[in-house]
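A.B. asks: Encoded as structure tokens, here's the structure I'll be asking about.
All of the numbers you see were taken from the coordinates with simple rules; none came from a lab. Values in this document were obtained by computation on a predicted structure and should not be read as measured data. No Cβ is skipped: glycine too gets one built from the backbone with ideal geometry, and neighbour counts run over all protein chains shown.
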Amino acid sequence: MADYTLPDLPYDYAALEPAITGEILELHHAKHHAAYVKGANDTLEKLAEARDKEQYGGLVGLEKTFAFNLSGHVLHSIF
């Protein structure tokens, strides 16, 4: 099973000032991006559990949640 991780930024949080404050960049990376990574990993575990238990009724909802979190992680990784 894949495990997604929060990538380190290749620059300091203050590196984009004054365009983006270090405080905002830290919030964006350490909170928002981290939440997408956690959400993707948590949902991936729930998907595996549901499949193992042959509980297929909730898979569509879990797949949508996984897609939301993983796309958030990918898009935040690009930025």
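A.B. asks: Could you tell me the relative contact order of the chain? Use alpha-carbon pairs under 8 Å, at least six residues apart, and round to a whole percent.
C.D. replies: 31 percent
A.B. asks: Related question: Which angle between 0 and 90 degrees, to the nearest 10, do you get for helix 59-78 versus the longest principal axis of the chain when only C-alpha atoms count?
C.D. replies: The helix 59-78 is inclined about 20 degrees to the chain.
A.B. asks: Once the other residues with Cβ under 13 Å from the Cβ of TYR13 are scored (Lys, Arg +1; Asp, Glu -1), what is the net sum?
C.D. replies: -4
A.B. asks: Applying the Karplus parametrisation 6.51 cos²θ - 1.76 cosθ + 1.60 with θ = phi - 60° to the phi angles of segment 19-24, what ³J(HN,Hα) value in whole Hz is obtained for each residue in order, glycine and proline being reported as x?
C.D. replies: For segment 19-24, the Karplus-derived couplings read 4, 9, 5, x, 5, 5 Hz, x marking Gly and Pro.
A.B. asks: Rank-order 55-62, 43-50, 25-32 by packing density, defined as the average count of other C-beta atoms within 10 Å over each peptide's residues, highest first.
C.D. replies: My ranking of the peptides, most packed first, is 43-50, 25-32, 55-62.
A.B. asks: Related question: If Lys and Arg each add +1 and Asp and Glu each add -1, what is the summed charge of the other residues whose beta carbon sits under 15 Å from the beta carbon of HIS29?
C.D. replies: Residues near HIS29 contribute -3 overall.
A.B. asks: Per DSSP helix of 4 or more residues, -39500 (n - 2.57); summed, then divided by the residues of the chain. What does that give at 222 nm, rounded to the nearest 500?
C.D. replies: -18000 deg cm²/dmol
A.B. asks: Helix 34-52 versus the longest principal axis of the chain: what is the Cα-based angle in degrees, 0 to 90, to the nearest 10?
C.D. replies: Here the helix axis deviates by roughly 10 degrees.
A.B. asks: Assuming 0.36 nm per residue, please report the length gained on full extension of the stretch GLN55 to PHE68 beyond their Cα-Cα distance.
C.D. replies: Separation in residues times 0.36 nm, less the Cα-Cα distance, equals 2.6 nm.
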